[in-house]
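The values are calculated or read from the model by the stated rules, or taken from the named source; none is laboratory data. In this text, all values refer to a predicted model and were calculated from it rather than measured experimentally. Here Cβ is always computed from backbone atoms with ideal geometry, including for glycine, and neighbour counts include all displayed protein chains. Areas reflect the complete protein model, heavy atoms only, side chains present, ligands, DNA and RNA absent. Shrake-Rupley method; radii C 1.70, N 1.55, O 1.52, S 1.80 Å.
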Amino acid sequence: MAFLKNTWYVAAWSDELTSQPLARTFLDEPVVLFRTDQGVGCALRDRCGHRFAKLSVGKITGSAIECRYHGLRFDGNGTCIGNPHGPINQAGRIRSYVVHEAHRAAWIWMGDSGLADPNLIPDLSFLGKAPESAFSRGYIRGRGNYELFTDNILDLSHADFLHPTTLGGNFTRTRAKVTEDGDRVAIHWNIVGEPPSPFAANRLPPGTLSADSWTEVEWSAPAVMVLRNGVVAAGEARSNGKSSHNVHIMTPETAGSTHYFYAATRNYDVGDLQLNARIAQMRDRIFATEDEPMIAGQQTSMGDANFWDLKPALMRIDEGPVRARRILARLIAAEHGNTSDDASLPPRDSDA
Ligand code: FES
Ligand SMILES: [Fe+2]
């Protein structure tokens with residue numbers, strides 16, 4: 001499957017990069033991630049240039065990774081800097097990838113490294129500003145295509161059915177407002193005077209029966225989503241709301257699997273470490289036991305088929321996901337020098 005190459009993907013949370021090599025596949029390419037003794041985050045193709053051993057089973061020595069099989073050493077640029085068996089030559093040079101750390105994450109550029117401009121990394125600076133006691137983050141390896149995971153966040157009506165005792169309750173009765181601006185899609189649920197979801201109720205005075213709440217998701221290609229939500233007792237000013245500010249970021253592993261990075265911050269009880277832990281635990285449980293298995297099942301049902309070839313029924317709840325899919329398909333087609341529609345693109349018109 002074609003992926004968008006010339007863009008930034010999250011490879012890891014920054015604190016996952018250590019002197020212990022980390023093997024992860026991105027866009028079907030096996031990569032080894034590590035941090036040098038100088039603190040520099042690096043990414044190399046996870047394949048030694050000598051006999052193609054996995055570099056990720058090697059070790060970090062100073063600024064280099066040493067192959068465990070015969071001891072060649074490579075720096076973060078993939079240059080061979082040590083050969084215990086003779087003179088150094090660059091015949092086995094390793095492909096390297098540009099890594100840039102920002103917003104608590106290590107971002108990787110899988111395409112043309114000459115185009116890797118750090119200014120193109122989405123502004124998620126709110127993550128870096130959050131105090132530790134109001135910040136949590138997680139990671140799941142998801143058994144489904146990354147666009148299925150994107151659909152999941154861009155259509156939150158699923159929460160009413162998949163998460164009825166936690167996050168769900170009001171999305172289906174509320175028509176989302178979808179706007180498209182350039183290569184971005186925003187989806188906004190504005191819920192007025194409804195019983196709060198069980199999770200939102202925790203942010204309200206006990207016994208609050210009616211609440212106003214809002215949820216906004218902003219999507220940008222390839223799969224970065226910023227989600228804000230908040231709640232007040234019905235009729236109160238939103239400025240009094242208890243709100244959270246989150247990211248959901250998908251990086252394709254293969255056509256049928258995804259690295260799912262998520263994080264949350266909040267504007268209330270920011271010093272409460274126990275609340276922080278409870279929120280993180282609940283979210284980890286929901287994603288791991290409800291969303292991920294559902295999406296894994298979708299992927300199994302779809303097999304290797306192209307999503308649009310299966311002719312999915314489209315409803316108005318699909319408007320946000322379909323718009324995002326169209327933009328991404330256009331960007332991928334443009335990167336491959338194909339600016340015209342082809343059969344793999346989503347239909348232009350739907351009843352969404
Ligand atoms: S396979 Fe890596 S040094 Fe031989
Ligand atoms: Fe969900």
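A few notes on this one:
- With the convex hull constructed from alpha-carbon coordinates only, the chain shows a mean projected area of 19.3 nm² over all directions.
- Modelled spin-label separation between Asn202 and Phe307, with each label point placed 7 Å from Cα along the Cα-to-Cβ direction: 3.0 nm.
- Taking the chain as a Gaussian network of alpha-carbon nodes connected by springs under 10 Å, the highest mean-square fluctuation of the residues Gly41, Gly320, Gly62 belongs to Gly62.
- For the chain, with +1 on Lys and Arg beta carbons and -1 on Asp and Glu, the positive-most of Tyr139, Met315, Val231 along the dipole: Tyr139
- Carbon + sulfur, % of accessible area of region 160-274 - ligands and nucleic acids excluded, 1.4 Å: 52
- Structure remark: mean-square fluctuation, Gaussian network model of the chain, C-alpha springs under 10 Å; the largest value among Ser56, Ser113, Ser301 belongs to Ser301.
- The charge dipole of the chain, taken about its Cα centre with unit charges on the Cβ of Lys, Arg, Asp and Glu (plus for the first two, minus for the last two), comes to roughly 800 debye.
- Per residue, the accessible area of the chain comes to 47 Å² when a 1.4 Å probe rolls over the protein heavy atoms.
- Rounded to the nearest 20, the size of the Cβ-charge dipole of region 64-147 about its Cα centre is 340 debye, with Lys and Arg at +1 and Asp and Glu at -1.
- Per-residue ellipticity at 222 nm, computed for the chain from helices alone with -39500 (n - 2.57) per DSSP H run of at least four residues, works out to -5500 deg cm²/dmol.
- By the rule of a C-alpha distance below 29 Å, with chain neighbours fewer than 8 residues away ignored, the lysines paired with Lys129 are Lys242.
- Dividing the alpha-carbon radius of gyration of region 153-262 by the rule-of-thumb value 2.2 N^0.38 Å gives 1.14.
- Result for the chain in a Gaussian network model with C-alpha springs under 10 Å: among Ala263, Ala105, Ala130, the largest mean-square fluctuation is at Ala130.
- Candidate lysines for bridging to Lys5, where Cα separation is under 25 Å - those fewer than 8 sequence places away on the same chain excluded: Lys54
- Pairwise Cα inverse-distance average, inverted: Kirkwood Rh of region 6-146 (Å): 15.9
- At an R0 of 45 angstrom, the distance between the Cβ atoms of Arg184 and His85 translates into a FRET efficiency of 0.30.
- Inverse mean reciprocal Cα-Cα distance (Kirkwood Rh) of region 245-285, Å: 11.9
- Treating each Cα of region 68-112 as an identical point scatterer and summing with the Debye formula, the log10 of I(q)/I(0) at q = 0.21, 0.30 Å⁻¹ comes to -0.75, -1.06.
- Amide H contacts under 5 Å for Val31, placed H, 5+ residues apart: Arg24, Thr25, Phe26, Asp46
- Measuring nothing but protein heavy atoms, the accessible surface of region 38-146 at 1.4 Å probe radius is 49 percent carbon and sulfur.
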